[in-house]
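Since every read-out is calculated from the coordinates, none of them should be taken as a lab result. Model, not experiment: these values are computed from the prediction. Here the Cβ is made from the backbone with ideal geometry for all residues, glycine too, and neighbour counts use every protein chain on show.
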């Protein structure tokens, strides 16, 4: 009866840490009981634009890695300039909350410009890709801004543009009279049909990437499309063929495993979708310029 009385207004209560809310939305303000000015509990609307900035290493040799680390350290400090609030910050990337699409885009465009300038001559062995999406704190059951974060994370895997945004962010920016660069340089907008495919593709990828016998046919069967359509769509979105995208995805997961545990490399290779240690070592060295055994030795030798 209570739900019926509220119509379509959600009635689920989700307990959220005040620090988590503050990281996304700023410090909340309780009304002053001694004032009668109808002060709002939250002085700003709940809508937020979330930016996921993803770092992808292209070399793990010590000298190259230090260059990347030094550059990454400069990025969080640029967020306050655009009223951005750092939600998470680690070696793999950033999650930042903005109150406007314009500020989020200006931030993303500045770090892209800084990266291009710092990478003249290809001296910075890394890639930076940014995904932008917009939404409200709770759209369904789950953590605060969970749906928005997941979409922004998926968009950060797209390499057709260094900055990839959902159509909703584009509409919001247009309403804010944001001036896009000529030809939308460095930007890629994903409209609903493309975003729907990306969500389905990445959902299957995230549930199956570690399977050693994963085949193209498994993707086509799950997504309900032909191999030709699959290749065309994946290449259009990511700039890479399916095999390369899957291999790089697995290598990033394997690198996380290597960074968090001193484990048997053969086991890490197998658990991350590679059929043999030799093939894993070959792919790892091609991607990062160093064998996994050497990388582990250097990392944990102090």
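Counting other C-beta atoms within 10 Å, which of 133, 162 has the fewest, and how do the rest follow?
Final ranking by Cβ density, sparse to dense: 162, 133.
Projected area of region 249-302, taken from the Cα convex hull and averaged over every viewing direction, in nm²?
3.2
Please rank 89, 157, fewest neighbouring Cβ atoms within 10 Å first, as an exposure proxy.
If I rank by nearby Cβ atoms, fewest first, I get 89, 157.
Considering the convex hull of the alpha carbon atoms of region 43-163, report its projected area averaged over all viewing directions, in nm², one decimal.
Mean projected area of the Cα convex hull: 7.8 nm².
From the Cα trace of region 163-302, what convex hull volume per residue do you get, rounded to a whole Å³?
So the per-residue hull volume is 153 Å³.
For region 244-293 and region 63-124, what is the centre-to-centre distance using only Cα atoms, to the nearest Å?
Here the answer is 27 Å between Cα centres.
Please report 210, 145 as a ranked list, fewest other C-beta atoms within 10 angstrom at the top and most at the bottom.
Exposure proxy ranking, most exposed first: 210, 145.
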